[in-house]
Amino acid sequence: MSTSLINIAGIDNRMEKILASRANIKSFKSFRDKTRTPEERAVLAEKTKLPLTTITYWAAQAELLRIATMSSDLAIEFIEAGFYSVYEIQIFSASTILEKIKEANSRTKITEEVVRDLQNARVDSAREFVCTKADLKGEAVQTATTPSTSLDLSCLMMELKEMRKELWDIKGMIEKLSS
């Protein structure tokens with residue numbers, strides 16, 4: 001389990017200061033506890049003037065980082081594959097999870113053994129986390145927010161992820177038409 005906000009991809013020192021000054025969030029646990037529901041994330045986005053989709057993306061990472069052996073890189077791969085909560089990782093089989101991860105990222109280094117290890121690792125307790133794919137869609141960049149290199153990169157990562165999925169869909173359609 002992570003203890004620093006900096007361990008969440010997209011949060012740098014500047015974002016950490018914004019969260020502290022505008023929303024009194026000074027720790028990983030505080031952030032995790034204040035972003036469990038869409039409503040709580042909307043309040044935080046309003047207070048911080050940060051995009052709701054960015055807050056949600058960070059919240060999903062924080063949720064997955066409750067798993068003792070989860071890294072932020074692994075969390076991002078799980079999120080890209082559509083797994084946003086510890087509960088989802090625990091209820092699906094390791095093979096199903098790996099299949100979804102490989103659909104989202106054919107070059108993943110994650111193995112079924114890694115997934116099983118994560119499923120069996122210690123998990124810090126927290127209230128239920130509510131997040132859907134729809135919560136992560138939307139306008140990721142708002143010009144009215146305080147800019148940050150990490151925020152811009154986090155938003156760019158989300159946009160590139162969506163573009164990659166669209167390209168794979170197009171590639172699949174072309175292959176079907178060619179057959």
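Worth pointing out:
- A Cβ distance below 6 Å, combined with a sequence gap of six or more or placement on separate chains, defines the contacts here; from region 45-63, residues that are over 20 Å from Gln90 (Cα atoms) and polar (S, T, N, Q) reach residues that are at pLDDT below 95 and not in a helix (DSSP H, G or I) in the pairs Thr53/Gly138; Thr53/Ala140.
- Residue in region 100-118 that is out of contact with any His (no Cβ under 8 Å at 6 or more places or on another chain) and modelled with pLDDT under 90 present: no
- Residues of region 1-42 classified as in contact (Cβ under 8 Å) with a residue 40 or more places away in the chain and over 17 Å from the mean Cα position of the chain (by Cα), total: 2
- Qualifying residue in region 47-59 (condition: under 13 Å from Thr35 (Cα atoms), among the aliphatic types (A, V, I, L, M) and open to solvent by less than 10 Å² (accessible area, probe 1.4 Å)): yes
- Region 103-127 - residue that is without any contact (Cβ under 8 Å) to a residue 12 or more places away in the chain and of a type in the set (Lys, Arg) and, of those, most open to solvent (accessible area, probe 1.4 Å): Arg107
- The single condition among (1) touching a Gly at 6+ places or on another chain (Cβ under 9 Å); (2) farther than 25 Å from Arg122 by Cα that Gln61 does not satisfy is (2).
- Filtering region 3-46 to residues that are of a type in the set (Ser, Thr, Tyr) and open to solvent by less than 10 Å² (accessible area, probe 1.4 Å) leaves only Thr35.
- Condition met for Ile79 (in contact with a strand residue (DSSP E or B) (Cβ under 8 Å, 6 or more places away or on another chain) and either under 21 Å from Arg122 (Cβ atoms) or in contact (Cβ under 8 Å) with a residue 12 or more places away in the chain (or both)): no
- Residue within region 70-87 that is assigned to a loop (DSSP other than H, G, I, E, B), more than 14 Å from the chain's Cα centre (by Cα) and not acidic (Asp, Glu) present: no
The values are calculated or read from the model by the stated rules, or taken from the named source; none is laboratory data. The shown structure was predicted, so the numbers you read here are calculated from the model rather than taken from an experiment. Cβ coordinates were reconstructed from backbone atoms using ideal geometry, including for glycine residues, and neighbour counts include every protein chain displayed. Heavy atoms of the whole protein, side chains included, go into the accessibility calculation; ligands, DNA and RNA do not. Shrake-Rupley method; radii C 1.70, N 1.55, O 1.52, S 1.80 Å.
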